[in-house]
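Laboratory data are not the source of any read-out in this text; all were calculated from the coordinates shown. Quantities reported herein were computed from a predicted structural model and do not represent experimental measurements. Backbone-built Cβ (ideal geometry, glycine too); neighbour counts: all protein chains shown.
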Amino acid sequence: MTVSDEGRTPVVSVYVGLGSNLENPARQIMRALAALGEIPDTRLLEQSSLYISKPLGPRNQPDFVNAVAALATSLTPEALLASLQAIETRQGRNRDSGRRWGPRTLDLDLLVYGDRMIETPALTVPHPGIGQRSFVLLPLQEIAPDYVIPGLGALKTLVEECDRTGIHKLDHDTL
Ligand code: 5RY
Ligand code: CA
Ligand code: CA
């Protein structure tokens with residue numbers, strides 16, 4: 001490392017999960033993907049297809065549209081999280097109008113941050129539950145087929161073991 005690198009944060013590979021089930025979910029996800037590309041000190045590397053999925057957890061809510069994006073960032077996990085929350089807020093996310101796990105215009109989850117394991121009051125990374133959730137695993141597999149999720153293992157194995165009912169890639173006929 002050269003002297004001029006002092007104080008500079010390394011570039012880290014990050015995966016972000018996107019979800020929406022209110023106010024034209026597919027549009028919300030497209031708009032959020034564009035917004036991810038505008039985060040400072042961050043590049044949008046890859047984006048998955050959009051998937052339509054039955055709600056897991058509370059079931060009496062609209063179907064979700066989900067996707068996953070790969071980013072490269074020199075932001076800290078906390079700074080990146082703040083950027084993700086600002087995008088959620090811009091797209092009409094109302095954090096207290098919510099029953100827990102209720103419908104939302106946009107949910108952005110920091111799924112993975114390099115190989116870091118993080119447990120703070122604000123942030124758990126890898127994101128809890130991603131090892132079982134088809135709406136994360138299938139889009140992630142599209143953009144990172146050989147990926148091994150830190151602490152959870154090979155994506156291929158997790159995909160084989162997950163329940164894939166109620167999830168479909170969104171194509172032009174489905175829209
Ligand atoms: C379970 C419980 C809570 C799974 C379980 C949540 C999404 C969960 C969703 C989403 C789809 C939630 C968190 N067992 N369903 N449910 N997509 N978010 N399809 O983004 F995910 S609430
Ligand atoms: Ca979230
Ligand atoms: Ca979520």
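When you scan the stretch 94-107, do you find a residue that is within 16 Å of ligand 3 (Cβ to nearest atom) and aromatic (Phe, Trp, Tyr), even just one?
yes
Return the total of residues in the stretch 128-147 being surrounded by fewer than 20 Cβ atoms within 10 Å (Cβ to Cβ) and within 16 Å of ligand 3 (Cβ to nearest atom). Break it down stepwise before answering.
At the first step, the residues of the stretch 128-147 found to be surrounded by fewer than 20 Cβ atoms within 10 Å (Cβ to Cβ) are 128-129, 131-132, 141-147.
Right, trim to within 16 Å of ligand 3 (Cβ to nearest atom) and you get 128-129, 131-132.
Qualifying residue count for the region: 4.
Look at Val112 and say whether it is part of a strand (DSSP E or B) and either among the acidic types (Asp, Glu) or touching a strand residue (DSSP E or B) at 6+ places or on another chain (Cβ under 6 Å) (or both). Don't jump to the end; show me each part of the working.
Values: part of a strand (DSSP E or B): yes; either among the acidic types (Asp, Glu) or touching a strand residue (DSSP E or B) at 6+ places or on another chain (Cβ under 6 Å) (or both): yes.
Against the criterion (part of a strand (DSSP E or B) and either among the acidic types (Asp, Glu) or touching a strand residue (DSSP E or B) at 6+ places or on another chain (Cβ under 6 Å) (or both)), Val112 qualifies.
Going by the conditions given, is Ser83 more than 16 Å from Ala67 (Cβ to Cβ) and either in contact with a Ser or Thr (Cβ under 9 Å, 6 or more places away or on another chain) or away from ligand 3 (no atom under 16 Å from the Cβ) (or both)?
In short, yes.
Just name the residue that is surrounded by the most Cβ atoms within 10 Å (Cβ to Cβ) out of those in the stretch 80-100 that are of a type in the set (A, V, I, L, M) and in contact with a strand residue (DSSP E or B) (Cβ under 7 Å, 6 or more places away or on another chain). Before you say what the answer is, go through the steps one by one.
Applying the first criterion (of a type in the set (A, V, I, L, M)) to the stretch 80-100 yields 80-82, 84, 86-87.
Still in the running and in contact with a strand residue (DSSP E or B) (Cβ under 7 Å, 6 or more places away or on another chain): 80-81, 84, 87.
Numbers: Leu80: 23, Leu81: 20, Leu84: 21, Ile87: 20.
So the residue we want is Leu80.
Being on the phi > 0 side of the Ramachandran plot and more than 14 Å from ligand 2 (Cβ to nearest atom) is the filter here; which residues of the stretch 107-153 pass it?
Looking only at the stretch 107-153, we keep the residues that are on the phi > 0 side of the Ramachandran plot, and these are 114, 129, 151, 153.
Residues satisfying the conditions are Gly114, Gly151, Gly153.
Restricting to the stretch 114-164, name every residue that is hydroxyl-bearing (Ser, Thr, Tyr) and within 16 Å of ligand 1 (Cβ to nearest atom).
Keep residues of the stretch 114-164 that are hydroxyl-bearing (Ser, Thr, Tyr), which gives 120, 124, 134, 147, 157.
Scanning the stretch 114-164 gives Thr124, Ser134.
Picking from Leu33, Leu44, Leu56, Leu71, which residue would you name as being in contact with a Phe, Trp or Tyr (Cβ under 8 Å, 6 or more places away or on another chain), within 20 Å of Gln141 (Cβ to Cβ) and surrounded by fewer than 20 Cβ atoms within 10 Å (Cβ to Cβ)?
Leu56
Condition test on Asn66, is it over 17 Å from the mean Cα position of the chain (by Cα) and closer than 17 Å to Leu170 by Cα?
So Asn66 fails the test.
In the list Pro150, Pro121, which residue meets the criterion of being within 24 Å of Ala82 (Cβ to Cβ), away from ligand 3 (no atom under 16 Å from the Cβ), without any contact (Cβ under 8 Å) to a residue 60 or more places away in the chain and surrounded by 13 or more Cβ atoms within 10 Å (Cβ to Cβ)?
Pro150
Which residue out of Pro103, Pro77 is within 20 Å of Val11 (Cα to Cα), touching a residue at least 12 places away in the same chain (Cβ under 8 Å) and buried (at least 18 other Cβ atoms within 10 Å of the Cβ)?
Pro77
Could you list, in sequence order, the residues of the stretch 92-102 that are away from ligand 2 (no atom under 13 Å from the Cβ) and either within 22 Å of Val68 (Cβ to Cβ) or aliphatic (A, V, I, L, M) (or both)?
Residue satisfying the conditions is Gly92 alone.
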